[in-house]
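The values are calculated or read from the model by the stated rules, or taken from the named source; none is laboratory data. Since the structure is predicted, the reported quantities are computational estimates derived from the model, not experimental observations. Cβ atoms come from the backbone with ideal geometry, glycine included; neighbour counts cover every protein chain shown. Just so you know, the surface numbers come from the protein's heavy atoms only, side chains and all, with ligands and any DNA or RNA stripped out. Shrake-Rupley method; radii C 1.70, N 1.55, O 1.52, S 1.80 Å.
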Amino acid sequence: MQLFLRQQLILDKVRDGNPVHIDELVAETGASPSTVRRDIRALEESGRIVSLRGGAVRLDDRPTELPAAAKSLINQAEKAAIARVAAENVCDGETIYLDSGTTATRMMQFLHGTRVHIVTSNTQILSSPLGSKMTVTLLGGAYFPEIGSVAGSMTDRMLNELYFDKAFLGANGISKAAGVTTFDVREATKKRLAHEHSRESFVLIDSSKFDKVTLCRSLDLAEANIITDAYGEVLESARSYIVATSQEDLTRVRPATPRSPAAVRSPRPGSRR
């Protein structure tokens, strides 16, 4: 049996999520145990299956970070509503941090006409039209083209020296137990630093990511001001939340208590457009 056909057969066998023993795959493919193990190793290295103890394999169904191009096609209306409300919380003359992520990128279209200095690790912003009153500073660091981001020690060093009026952060999941999480420790560290160096910060996340947990915690949920598109029980554990469901409908719930009396203002609801 050809390599492609053997690997496809292995994937078909594990597609239902149940573990399959290597001996069974040897019998099905007619290949030697060493050949099947090489096929399994190749599929494992590509992230499609995982090996288990006792010589079994199963489908790798763990959540993974989608490329930015793919994420931009998901929940577009919801992300636009979130981005609109996030932009309405930016005041003229402020300096803001804009995180990587497709929802943060969408904010750019709603900031036209606002005099704002944007400091960002989001490389997708470079292809966004800039308003005449915008100034953009791109942070340095290791470049991750699939997610349109820079992160790492150089980025952290720069963030340690910068301070913002507001930060708008992305996330891959929120849950009561794990808080605000992301797939990469470098991204988590970056988000934490931006949060700590901002008078006020917001997490932009659509409701499809409620009760989802990924690898690294970036914030405790009790620290997070959430802007989202729909209500979920997990929001009750957040510091505050804003639900934006359409161009005309904005629900603001439980405004944030300032982190320090002199520093932080509460979120302001967006103007009707």
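Given the condition in a loop (DSSP other than H, G, I, E, B), at pLDDT below 95 and open to solvent by less than 20 Å² (accessible area, probe 1.4 Å), answer yes or no: does some residue in the stretch 122-134 qualify?
yes
Taking the criterion of being at pLDDT 95 or above and either charged (D, E, K, R) or within 16 Å of the chain's Cα centre (by Cα) (or both), the residues of the stretch 94-103 that qualify are Glu94, Tyr97, Leu98, Asp99.
Consider the stretch 73-93 and keep the residues that are surrounded by 17 or more Cβ atoms within 10 Å (Cβ to Cβ) and assigned to a loop (DSSP other than H, G, I, E, B). The one that is modelled with the lowest pLDDT is Asn75. Restricting attention to the stretch 174-184, the residues being surrounded by 24 or more Cβ atoms within 10 Å (Cβ to Cβ) and farther than 22 Å from Gly141 by Cα number 2.
So, in the stretch 149-158, how many residues would count as being open to solvent by 70 Å² or more (accessible area, probe 1.4 Å) and assigned to a strand (DSSP E or B)? Residues flagged as open to solvent by 70 Å² or more (accessible area, probe 1.4 Å) and assigned to a strand (DSSP E or B) within the stretch 149-158 amount to 0. Exactly one residue out of Glu236, Glu146, Glu187, Glu161 is in a helix (DSSP H, G or I) and either β-branched (Val, Ile, Thr) or surrounded by fewer than 24 Cβ atoms within 10 Å (Cβ to Cβ) (or both), and it is Glu236. Taking residues in the stretch 188-217 that are in contact (Cβ under 8 Å) with a residue 24 or more places away in the chain, and partners anywhere that are of a type in the set (S, T, N, Q) and open to solvent by 30 Å² or more (accessible area, probe 1.4 Å), the pairs with Cβ atoms closer than 8 Å and at least 6 places apart or on different chains are Leu193/Asn160; His197/Asn160; Asp206/Asn75; Ser208/Asn75.
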